[in-house]
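What follows is a structure written as structure tokens; I'll ask about it next.
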Amino acid sequence: MAEQKKNLFFYRNSQLIVPLVAIGLLLVFNLIRDPSFFSVSIGTNNDGNPVLQGNLVSILNGASELAILAMGMTLVTAASGGQDISVGCLAAIAGSVFVKVLRAGEITGWSVALGILLCCLVAMVFGCFNGTLVSVFKIQPMIATLILFTCGRSIAYWINGGATPTVSSPIITAIGSFIPGIPVPTPILIVILVGILFTVAFRLTTLRLYIQTVGINQGAAKLNGINPLRIKLLAFIILGACCSVSGVIGVSRLSLINHETLLLNVEMDAILAVAIGGNNLGGGKFNMIGSILGAYAIQALTITLYAMKVPSTDVKAYKAIVIILLVVLGSPVVKDAFRRLRIRLSGGRLTAGKGAL
Amino acid sequence: MTAVSSTAAPARRREPISNANLLTCISVGIFLLMYITAIITLGGGFNKPQQIFDILNNNAHLIIIACALTIVMINGSIDISVAGVVALVSMVTVMFLKGKLWPAEGMSDGVRVALAACIALGIGLLFGLVQGALIAYLDIQPFIVTLAGMFFARGMITIVSVDPLQLTVKEEPGILEIIQKRIEMYFLGSPNKKGVIIPARMEIGVIVALLVVIIIAVMLRKSKLGRHFYAVGGNRQSALMLGINVRKTRFSAHLISSLLAGLAGFVFMMHNVSGNATNATAGEMDAIASSIIGGTLLSGGVGNVIGTFFGVMILATIKLIVVASGLREPWWQTITTGAMLCFFILLQSVILSRRGKGRPALPAWMKFRKE
């Protein structure tokens, strides 16, 4: 009984192995290369507040936007069996709206709140647009979101009238870097907040079950009284909200909006995070913790490469090699081979194998 | 004999047009409609045949990678590394032609250009072998593999050379003369302000691109491999049951796609004569969009390259029309492209679902009567 329970535990969490191994390998590599990589110190920033510094902190901090996007992307992937490639553009649009609202008047706590609310709303409307194309018109998600991928950044440019305006205010700095008195970077706190929100939503509602049901078999879900259209639409709207949060963080970090470079290529990283987290890109069951770990693994890789003085333009090539190694390790064929090897070593207790295809 | 043929003929006529052909016809029709509207309302450059050749000259590489994408998409897969390969190939070939890869003093210019073409195809082959093997034989999701391929290609460009390179008339006159050769067609020329006939000029790359379109169209229709692409893309399990080697077919699709990307890189280099990390940015998305507009479905099993060719032409024409109609702000071009893309995608969806089940899958409140 205990063994069965243990097996079930391993079965449920086996997809976390790849991201955990990735993070573990990176950390061990850094430990061997340069132990000072792990040093975390408390320094003071320009305003004289105590702040945490160090590579580990910058991994956690830098991956914030990606982690939030990966959470939303996991839901979309699970529900629709496809990926949203417009998340970076949606974040840029949301950021533009945020800046536009802030620049309309004096920046106070209320105007920031209004800005966040409005940009969240706009991003959700765009998410709804994507979701409608996917659910109602039955277009593959990648194609449907290709529309916003093509023109999203131009819409962001258009919202601000062809300028890259700046916003400077202590409130914005607090969102982007540190709240006075709290040494932990605010983006990390925002990620934790979003994570808690998702956890509560999964605990209290049937969201998780319904999304998985729709992803596994849409027809069966319909027969069971779940409206697949509504669930898919909901997933895209949630992703829109995630995009707006990422956009606000991205804008606050730099105190300006640059529609061309804000969260550039983040859509690819977000899909990658979902895939590294062991989620099937064809939809169905999902593990959100895997996606979040995937996001941190990607950021850890980037920071490691930076620490090794690799130029930022070359990082992509090394990233590609690591990605390939990871997915090869996680591929069904290699996993099968490992399993067979283990069975042979343990004395030939052969279980039913998966099909070749 | 006559009785047989007379009974067979109407039966064939009644056979409904296939979805792929219908979508292709729509895209061809819309291209013609758009171009004729542009001639009537905007005039100017659109009246001259040279405009068509300009579109072709500027988009020859895009035609080739869109064809590559069409093959892969028919096969039910995706390849987003193509534009990265194009950029990498253009960089490496420019480096080679400038003699920076290794000194090539003894060779004549013609041999060097031929060698550059071989290098281009070689890079494509390497990408194709690795990606195809990973996707077909290790069962890894194509999106992830080709995404890594894109990252690798884009990263390699700056590793190979940080600075942008350019072939110049001063340093490489012979090579430039070969790769920038234009085919001049006087019968399609138009008089300039002084009344001298300026011939329509077409680059060699365009001929390469058109040849690729024709060869692939024939291959998809006539050859065994081409039929296998459709079968595997339509339903992998049934293809396996029919005795098709699914893995080999998927491998071939990715191999062909990357080879074509290498060729496209060479064509791109012939047109732009420069190597730069930002070459062909977002080209993969343009290629995917062109394929879709031409009637290829990402789900696989449906598509044809003639439609893809017109998809590229439609995208290019939209951009030209936006600029010509006076919307000069930088954002209008892409916003209009996005809107057009939206229109095409919706049109396809509505047509396909109308043909499939009678009515598009509208939500309950949009339906006129209850089912």
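Does B:Gly155 satisfy the condition of being more than 13 Å from every other protein chain (Cβ to nearest Cβ) and not hydrophobic (A, V, I, L, M, F, W, C)?
The answer is no for B:Gly155.
Restricting attention to the range B:262-294, which residues are closer than 18 Å to B:Ile306 by Cα and in a helix (DSSP H, G or I)?
Selection gives B:Ala264, B:Asp286, B:Ala287, B:Ile288, B:Ala289, B:Ser290, B:Ser291, B:Ile292, B:Ile293.
Kindly provide the set of residues from the range B:158-168 that are among the polar types (S, T, N, Q) and either in contact (Cβ under 8 Å) with a residue 60 or more places away in the chain or within 10 Å of chain A (Cβ to nearest Cβ) (or both), ordered by number.
Within the range B:158-168, B:Thr158, B:Ser161, B:Gln166 meet the criteria.
Among the residues in the range A:198-207, are any within 11 Å of chain B (Cβ to nearest Cβ), outside any loop (DSSP other than H, G, I, E, B) and modelled with pLDDT of 90 or more?
No - not one qualifying residue is present in the range A:198-207.
Continuing with this model, one more query. Looking at the range A:269-290 only, could you name the residues that are under 10 Å from the mean Cα position of the chain (by Cα) and within 14 Å of chain B (Cβ to nearest Cβ)?
Listed by number, the residues that qualify are A:Asp269, A:Ala270, A:Ile271, A:Leu272, A:Ala273, A:Val274.
For every residue, the table says whether it meets (1) assigned to a helix (DSSP H, G or I); (2) buried (at least 24 other Cβ atoms within 10 Å of the Cβ); (3) facing chain A (nearest Cβ under 8 Å); (4) of a type in the set (S, T, N, Q).
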residue: B:Val111; (1), (2), (3), (4): yes, no, no, no
residue: B:Leu121; (1), (2), (3), (4): yes, no, no, no
residue: B:Gly128; (1), (2), (3), (4): yes, yes, no, no
residue: B:Phe143; (1), (2), (3), (4): yes, no, yes, no
residue: B:Leu176; (1), (2), (3), (4): yes, no, no, no
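Take A:Leu146 and tell me if it is modelled with pLDDT under 90, in a helix (DSSP H, G or I), touching a helix residue (DSSP H, G or I) at 6+ places or on another chain (Cβ under 7 Å) and within 23 Å of B:Glu284 (Cα to Cα).
On the way: modelled with pLDDT under 90: yes; in a helix (DSSP H, G or I): yes; touching a helix residue (DSSP H, G or I) at 6+ places or on another chain (Cβ under 7 Å): yes; within 23 Å of B:Glu284 (Cα to Cα): yes.
So A:Leu146 passes the test.
If B:Phe310 passes every condition in (1) outside any helix (DSSP H, G or I); (2) crowded, with 18+ Cβ neighbours inside 10 Å; (3) not charged (D, E, K, R) but one, which one does it miss?
Result: B:Phe310 passes all but (1).
Could you please find all residues in the range B:252-302 being polar (S, T, N, Q), touching a Leu at 6+ places or on another chain (Cβ under 8 Å) and closer than 19 Å to B:Leu147 by Cβ?
B:Ser257, B:Ser258, B:Ser291
Restricting attention to the range B:296-322, and to residues there that are within 14 Å of chain A (Cβ to nearest Cβ) and touching a Phe, Trp or Tyr at 6+ places or on another chain (Cβ under 9 Å), which single residue is farthest from B:Ser81 (Cα to Cα)?
Among those that are within 14 Å of chain A (Cβ to nearest Cβ) and touching a Phe, Trp or Tyr at 6+ places or on another chain (Cβ under 9 Å), it is B:Val322.
Give the residues of the range B:280-295 that are buried (at least 23 other Cβ atoms within 10 Å of the Cβ) and within 14 Å of chain A (Cβ to nearest Cβ), sorted by residue number.
B:Gly283, B:Glu284, B:Asp286, B:Ala287, B:Ile288, B:Ala289, B:Ser290, B:Ser291, B:Ile292, B:Ile293, B:Gly294, B:Gly295, listed by residue number.
Here are some residues: A:Ile238, A:Ile182. Which one is modelled with pLDDT of 95 or more and not aromatic (Phe, Trp, Tyr)?
Step by step, each of A:Ile238, A:Ile182 is checked, and only A:Ile238 is modelled with pLDDT of 95 or more and not aromatic (Phe, Trp, Tyr).
Given the structure, is A:Ala220 in a helix (DSSP H, G or I), modelled with pLDDT under 95 and away from chain B (no Cβ under 14 Å)?
It is true that A:Ala220 is in a helix (DSSP H, G or I), modelled with pLDDT under 95 and away from chain B (no Cβ under 14 Å).
I'm checking my understanding of the structure. Among residues of the range B:145-169 that are more than 28 Å from A:Met142 (Cβ to Cβ) and polar (S, T, N, Q), which one is surrounded by the fewest Cβ atoms within 10 Å (Cβ to Cβ)?
So, considering only residues that are more than 28 Å from A:Met142 (Cβ to Cβ) and polar (S, T, N, Q), the one surrounded by the fewest Cβ atoms within 10 Å (Cβ to Cβ) is B:Thr168.
Are any of the residues in the range B:234-245 assigned to a loop (DSSP other than H, G, I, E, B), within 14 Å of another protein chain (Cβ to nearest Cβ), touching a residue at least 24 places away in the same chain (Cβ under 8 Å) and within 26 Å of B:Phe344 (Cα to Cα)?
Yes: one or more hits.
If you take the residues in the range B:323-342 that are more than 13 Å from every other protein chain (Cβ to nearest Cβ) and assigned to a helix (DSSP H, G or I), which one is surrounded by the most Cβ atoms within 10 Å (Cβ to Cβ)?
Taking the candidates together, the pick is B:Ala324.
Could I ask something else about it? Only one of A:Leu256, A:Leu263, A:Leu305 is in contact with an Asp or Glu (Cβ under 7 Å, 6 or more places away or on another chain), more than 9 Å from chain B (Cβ to nearest Cβ), at pLDDT below 90 and surrounded by 15 or more Cβ atoms within 10 Å (Cβ to Cβ); which?
Just one listed residue meets the conditions, A:Leu263.
Which residues, counting only those in the range A:31-85, are under 17 Å from the mean Cα position of the chain (by Cα), among the polar types (S, T, N, Q) and more than 30 Å from A:Ile139 (Cα to Cα)?
A:Ser58, A:Asn61, A:Ser64, listed by residue number.
Of the conditions (1) in contact with a Ser or Thr (Cβ under 8 Å, 6 or more places away or on another chain); (2) within 14 Å of another protein chain (Cβ to nearest Cβ), B:Tyr137 fails just one. Which one is it?
Checking B:Tyr137 against (1) in contact with a Ser or Thr (Cβ under 8 Å, 6 or more places away or on another chain); (2) within 14 Å of another protein chain (Cβ to nearest Cβ), the one that fails is (1).
Among the residues of the range A:127-154, count how many are buried (at least 21 other Cβ atoms within 10 Å of the Cβ) and within 9 Å of another protein chain (Cβ to nearest Cβ).
Of the residues in the range A:127-154, the ones buried (at least 21 other Cβ atoms within 10 Å of the Cβ) are A:127, A:130-131, A:133-135, A:139, A:141-154.
From the residues that got through so far, the ones that are within 9 Å of another protein chain (Cβ to nearest Cβ) too are A:133, A:135, A:139, A:142-144, A:146-154.
Of the residues in the range A:127-154, 15 are buried (at least 21 other Cβ atoms within 10 Å of the Cβ) and within 9 Å of another protein chain (Cβ to nearest Cβ).
When the range B:229-264 is examined, which residues are found to be closer than 13 Å to B:Gly300 by Cβ and more than 21 Å from the chain's Cα centre (by Cα)? Quick ask: steps written out before the conclusion?
Taking the range B:229-264 first, the residues closer than 13 Å to B:Gly300 by Cβ are B:229-239, B:246, B:249-250, B:253.
Those that are closer than 13 Å to B:Gly300 by Cβ and more than 21 Å from the chain's Cα centre (by Cα): B:Ala231, B:Val232, B:Gly234, B:Asn235, B:Arg236, B:Gln237, B:Ser238, B:Ala239, B:Val246.
For every residue, the table says whether it meets (1) on the phi < 0 side of the Ramachandran plot; (2) surrounded by 14 or more Cβ atoms within 10 Å (Cβ to Cβ); (3) among the β-branched types (Val, Ile, Thr).
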{"site": "B:Ile216", "(1), (2), (3)": "yes, yes, yes"}
{"site": "B:Ala231", "(1), (2), (3)": "yes, yes, no"}
{"site": "B:Gly243", "(1), (2), (3)": "no, no, no"}
{"site": "B:Ser252", "(1), (2), (3)": "yes, yes, no"}
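Looking at (1) touching an Asp or Glu at 6+ places or on another chain (Cβ under 6 Å); (2) more than 14 Å from every other protein chain (Cβ to nearest Cβ); (3) under 26 Å from B:Ile288 (Cα atoms); (4) surrounded by fewer than 24 Cβ atoms within 10 Å (Cβ to Cβ), which is the one condition that is false for B:Val82?
The failed condition is (4).
Looking only at the range A:155-173, filter to residues that are within 9 Å of chain B (Cβ to nearest Cβ) and among the small types (Gly, Ala, Ser); which one of those is nearest to B:Ile292 (Cα to Cα)?
Looking at the filtered set, the residue picked out is A:Ala156.
The values are calculated or read from the model by the stated rules, or taken from the named source; none is laboratory data. Note that the coordinates shown come from a computational prediction; the quantities given were computed from them, not determined experimentally. Don't worry about glycine lacking a Cβ; one is built from the backbone with ideal geometry, like all the others, and counts go over all protein chains shown.
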